[in-house]
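FYI, it's all coordinate maths here, none of it is from the lab. All values reported here derive from a predicted model rather than from experimental measurement. Here the Cβ positions follow ideal geometry from the backbone for every residue, glycine too, while neighbour counts run over all protein chains shown.
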Amino acid sequence: MMRHMFAPLLALVLVAGAARAEDTLSPLTFQSQGPLGSIDIAAAQRGLAVYQGVCAGCHGLSAVHYRDLAGLGFSPDQIAALAPGGDANAAFGAGGAMGAPDLSDIVSQREAGTVYVYRLLTGFAPAPADVTLLPGRSYNTAYPGQQTAMPDVLHDNAVKYADGTPATSAQEAADVAEFLTWAAEPDLTARHQIGLRALIFFAFLSLVAFAALRSWTKTP
């Protein structure tokens, strides 16, 4: 199970993607969204650091195994260093807080799940004067009913990014949202690439068929 104690280690072994991610905050955009979207590897790597350092103490990610981190560009040695006892087959675990939801599929379970996670994590605010919070609740503009049992856990520099990206609370929220998108759909990039190739192939077949039909209609 991933614990807060591993956060410094993860910050050291994180490797940046092929290129530093573009600004996702102004305006808010996610590379993973849309029919041709792909996982932003650099952002997802940073989001793993946020999950591990901030979220893992309460929320599990039991459907994800350490070996799956190869899909985010981690080497076998790095995965072994992160996994308990070096067991790459181990799951991330069930989290450390009773009742806290497992986050393995949270993005797929919510409409516009990637943006929902971001909005939730950045939606904390002081309760308006006419709102009485229930005991143990925090006011959140994005949560249904505006009262959630989860406290505002993100703050600037909650983690240190190995690629030098400023770790603002908004950046942390965006990165962990991208990471949880990957956790829910680790094959998203490959699936979209296959879909694009299929579209190109069928478009080519359509052009060939159209050309053949015109040729036949012109034949005396």
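Derived scalar couplings between HN and Hα for the stretch 130-147 equal 8, 10, 9, 6, 5, x, x, 10, 10, 7, 9, 5, 8, 7, x, x, 6, 10 Hz in order, rounded to whole Hz, by the Karplus curve 6.51 cos²θ - 1.76 cosθ + 1.60 (θ = phi - 60°), x for Gly and Pro. Working note: Karplus 6.51/-1.76/1.60 with θ = phi - 60° gives the stretch 108-122 the couplings 6, 7, 10, 5, 6, x, 4, 5, 4, 4, 4, 4, 5, 6, 9 Hz, where Gly and Pro are set to x. Proximity of backbone amide H atoms, modeled 1.01 Å from N, is registered between GLN147 and ASN140 at under 5 Å, excluding neighbours fewer than 5 places apart on the same chain. Residue by residue, the stretch 68-85 carries 3J(HN,Hα) couplings of 5, 5, 4, x, 9, x, 7, 7, x, 5, 5, 5, 4, 5, 8, 7, x, x Hz when phi is fed to the Karplus relation 6.51 cos²θ - 1.76 cosθ + 1.60 (θ = phi - 60°); x denotes Gly or Pro.
Per-peptide packing, taken as the mean over residues of other Cβ atoms within 10 Å, places 32-40, 83-91, 123-131, 51-59 in the sequence 51-59, 32-40, 83-91, 123-131 from highest down. Exposure proxy shown here: for GLU172, GLU185, GLU111, the number of other Cβ atoms within 10 Å sets the order, fewest to most, as GLU111, GLU185, GLU172.
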